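The next block holds one structure in the form of structure tokens; read it before the comments.
The values are calculated or read from the model by the stated rules, or taken from the named source; none is laboratory data. Since the model is a prediction, treat every value here as computed from it, not as a measurement. Cβ coordinates were reconstructed from backbone atoms using ideal geometry, including for glycine residues, and neighbour counts include every protein chain displayed.
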Amino acid sequence: MTAENGISRRAALVKLGVFLNGIVGVALAVPIVRYLLSPVIRGKKIGYESWLSLGRLERFPSGQTRLATYKNPVVNVWDGETGDIACWVRNIDGQTFQVFAINCAHLGCPVRWFPQSSLFMCPCHGGAYYQDGSRASGPPERGLFRYHYKIEGGELLIKAGEMPTPGQPVANKAGGKSTCA
Amino acid sequence: MRLIQKLGDWFDLRLQLSTPIRETAEHPVPRETASWFYVFGSAALTCFMLQIVTGILLALIYVPSAGEAWNSLQTLNHGIALGWFIRALHGWGSNFMVAIVLIHMVQVFLFGAYKFPRELTWVVGVFLLLVTLGMAFTGQVLRFDQDAYWGLGIGASIASRVPVIGPWTVNLMLGGPIIAGATLSRFFALHVFVIPGLLIAFVGLHLLMVLKLGINEWPMPGRIVRRATYMQEYHELTHKQGVPFVPNAVWKDILFSGFILLSIAVCAVHFGPFGPGGQPDPTIIQTAPRPDFFFLWLYALLSFLPPSAETPILLIGPAIGIIVLLALPFVAGEGEKSWKRRPIAVLTILLIAVTLGTLTHLGEHTPWSPVMDAWSSQPIPAEYLQGRTALERHGALVFQAKQCHNCHSLDDKGGQRGPALDGVALSLTEDQLIRQVIQGGGNMPAYGKNLSPAETTALVAFLKTLHPANQKPARNASQAMALGASEVPPR
């Protein structure tokens, strides 16, 4: 049963079998990896980040900072209340707004607004921010994350769709610097 | 009896298991290892088996859906007979398992058990520690409440700091752009399929090596491990002076495991299940998220790291820790085993224990966090207001209204984020107080924009009264001189 070059027929068949399984393995691995990476790959489809209404402008009195909520643009039925996201809206002078993410720029805990001292404070590790979102004290490296906003038909709209994190501060091209006093 | 014997023989002819089982049970172990110090490994395995059983029982009811998980936990707690008890057993079993795994690891380290030829047993043990902690973290997420939701946020924020691939890592971890149903589903898959599978495989390998290589002998000072001679020496210890594992050593394992199971059950009955806390509704922001006990030290560490060092330490620190643990048996594979001759090993354990203990203690009290309601719930003690002028008392009002109390304590009440102010007038002069209030600094926000001049004057007047009656407040001597000179009335 030995071939002329010294390799037995059975050993060659085993190699063929292993080779065939290798091919099939790779053929299967590609779709499996693609499936696993779908949260990354599906990335920036249309509707991923959308303009969302936070409500009528009257809800945000001039000179005040109010809590607003919106429904994330991409949700499933079984997401329940986790699809509802909160944010802070600061109406500076009736025309100019700032919309801050609820997540602390340190590690994402929900910051709370204290109008008396005009500070945002974080309950987790003691980060504090001024009313314009800039860093006041504590472990955060930067100011609060900000959403882009626009006003249409008497409503305040923000561009949102992704949880802001220190590595990916959504829609915050201006950084944490204050834009106004 | 004969029927049982025949039945046993029938199975053994087909399974061929009775001989290997008997050999395993009766394998000789060094005489001194039949000790109470050698019971932690088997106790950890017992905990793991309890976790498997209670975990399957919980899975009969639990719904791994972001919209329903919290309700199904409530049903387990209140709607199903003894559902609360199964949840409590699983929660306390988890805490006991992590604790026993850590104790086991310390014992093994101090007894030099990681040395030749048991390096790989130690390496697999390190993986077992990691997957055990992985189970603890993912399990905390399945208890899908506010702490779980914001804990995921903390995890995502840490993951996002990885250079270049950070944002992808976040999306991969959350299963989408936000913490939602996909997030819980993948943590369910990890907690119920992936990590337990790894855990079972690693436990099997770990046990196999313990059986094949034999249990570590009791370390004697001066008995040095050498690769050339160790196997021969160990063979003599076991086969000449050794005792059979069953029954000489195993009774202590069985008794201790029973004691641990009883302790878990007592804790479960007495303390009940863990949570769930508030609903995982991200629009409810009146919450102070905290991790479970075994991650409190990390939570504390995150508030103390300076901002510039945080990202590198967070990302590189764990890698270094794991590399050190994995490298240990290859660096110190020979030599002295006894802790009595290894002072650095003992000191390392003490240092780690004190560090983790201190950080955990701090994590329970969170002195770095402002007390969010101190300004409205904790009044200034009456003795700080008696005999004060109207201006000073108005300053006390400003102190409350502007939430100074959230970060500064008076008479041990209020926040501990900033220094206690009971004796602030001793260390800061009036001018320094004004500067500190207006400009902030030293981790305090600047209040210049939020206080009117009148409010600042009143607040500083109040702060100047904060000193013990028998000690005079700080003053700027040169200023007094200069002012005094100018105030001398002309002749």
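Find the residue count for region B:309-333, including only residues that are farther than 19 Å from B:Leu129 by Cα, surrounded by 15 or more Cβ atoms within 10 Å (Cβ to Cβ) and either modelled with pLDDT of 90 or more or not assigned by TED's automatic domain parsing to the domain that holds B:Pro289 (or both).
2
For region B:277-321, which residues satisfy the criterion of being among the charged types (D, E, K, R) and in a helix (DSSP H, G or I)?
Result: B:Glu310, single match.
Which of the residues spanning region B:264-276 are surrounded by fewer than 17 Cβ atoms within 10 Å (Cβ to Cβ) and either outside any helix (DSSP H, G or I) or within 14 Å of chain A (Cβ to nearest Cβ) (or both)?
Correct list: B:Gly272 only.
Go through (1) part of a helix (DSSP H, G or I); (2) of a type in the set (S, T, N, Q); (3) in contact with a Phe, Trp or Tyr (Cβ under 9 Å, 6 or more places away or on another chain); (4) in contact (Cβ under 8 Å) with a residue 12 or more places away in the chain and name the single condition B:Thr54 misses.
(3)
If the requirement is being surrounded by fewer than 20 Cβ atoms within 10 Å (Cβ to Cβ) and in a helix (DSSP H, G or I), which of these qualifies: B:Ile103, B:Ile86?
B:Ile103
Testing B:Ala201 on (1) in a helix (DSSP H, G or I); (2) crowded, with 20+ Cβ neighbours inside 10 Å; (3) not hydroxyl-bearing (Ser, Thr, Tyr), one condition comes back false. Which one is that?
Status for B:Ala201: all satisfied but (2).
With respect to B:Phe109, determine if the residue is assigned to a loop (DSSP other than H, G, I, E, B) and touching a residue at least 60 places away in the same chain (Cβ under 8 Å).
Here the answer is no, as B:Phe109 does not meet what is asked.
Kindly provide the set of residues from region B:428-449 that are part of a loop (DSSP other than H, G, I, E, B) and under 39 Å from the mean Cα position of the chain (by Cα), ordered by number.
Those that are part of a loop (DSSP other than H, G, I, E, B) and under 39 Å from the mean Cα position of the chain (by Cα): B:Leu428, B:Gly440, B:Gly441, B:Gly442, B:Asn443, B:Met444, B:Pro445, B:Ala446, B:Tyr447.
State whether one or more residues within region B:77-96 are within 14 Å of chain A (Cβ to nearest Cβ) and touching a residue at least 12 places away in the same chain (Cβ under 8 Å).
No, because not a single residue in region B:77-96 is within 14 Å of chain A (Cβ to nearest Cβ) and touching a residue at least 12 places away in the same chain (Cβ under 8 Å).
How about region A:19-136: which strands (runs of 3 or more DSSP E) wholly inside it have at least 1 residues that are more than 8 Å from every other protein chain (Cβ to nearest Cβ) and among the small types (Gly, Ala, Ser)?
A:50-56, A:65-71, A:97-101
Please tell me if B:Gly442 is closer than 28 Å to B:Arg475 by Cβ and either within 14 Å of another protein chain (Cβ to nearest Cβ) or loosely packed, with under 13 Cβ neighbours inside 10 Å (or both).
So B:Gly442 passes the test.
Among the numbered criteria (1) within 14 Å of chain A (Cβ to nearest Cβ); (2) touching a helix residue (DSSP H, G or I) at 6+ places or on another chain (Cβ under 6 Å), which single criterion is violated by B:Ser157?
(2)
Among what's in region B:393-420 and is farther than 16 Å from B:Thr366 by Cα and surrounded by fewer than 21 Cβ atoms within 10 Å (Cβ to Cβ), pick the residue that is nearest to the other protein chains (Cβ to nearest Cβ).
The selected residue is B:Ala401.
For region B:161-197, enumerate the residues that are part of a loop (DSSP other than H, G, I, E, B) and either touching a Leu at 6+ places or on another chain (Cβ under 6 Å) or facing another protein chain (nearest Cβ under 8 Å) (or both).
If the condition is that a residue be part of a loop (DSSP other than H, G, I, E, B) and either touching a Leu at 6+ places or on another chain (Cβ under 6 Å) or facing another protein chain (nearest Cβ under 8 Å) (or both), then B:Arg161, B:Val162, B:Gly175, B:Gly176, B:Pro177, B:Ile178, B:Ile179, B:Ala180 are the ones that fit.
Could you list, in sequence order, the residues of region B:208-233 that are without any contact (Cβ under 8 Å) to a residue 40 or more places away in the chain, part of a helix (DSSP H, G or I) and not polar (S, T, N, Q)?
B:Leu208, B:Lys212, B:Glu233 - these are the residues of region B:208-233 that are without any contact (Cβ under 8 Å) to a residue 40 or more places away in the chain, part of a helix (DSSP H, G or I) and not polar (S, T, N, Q).
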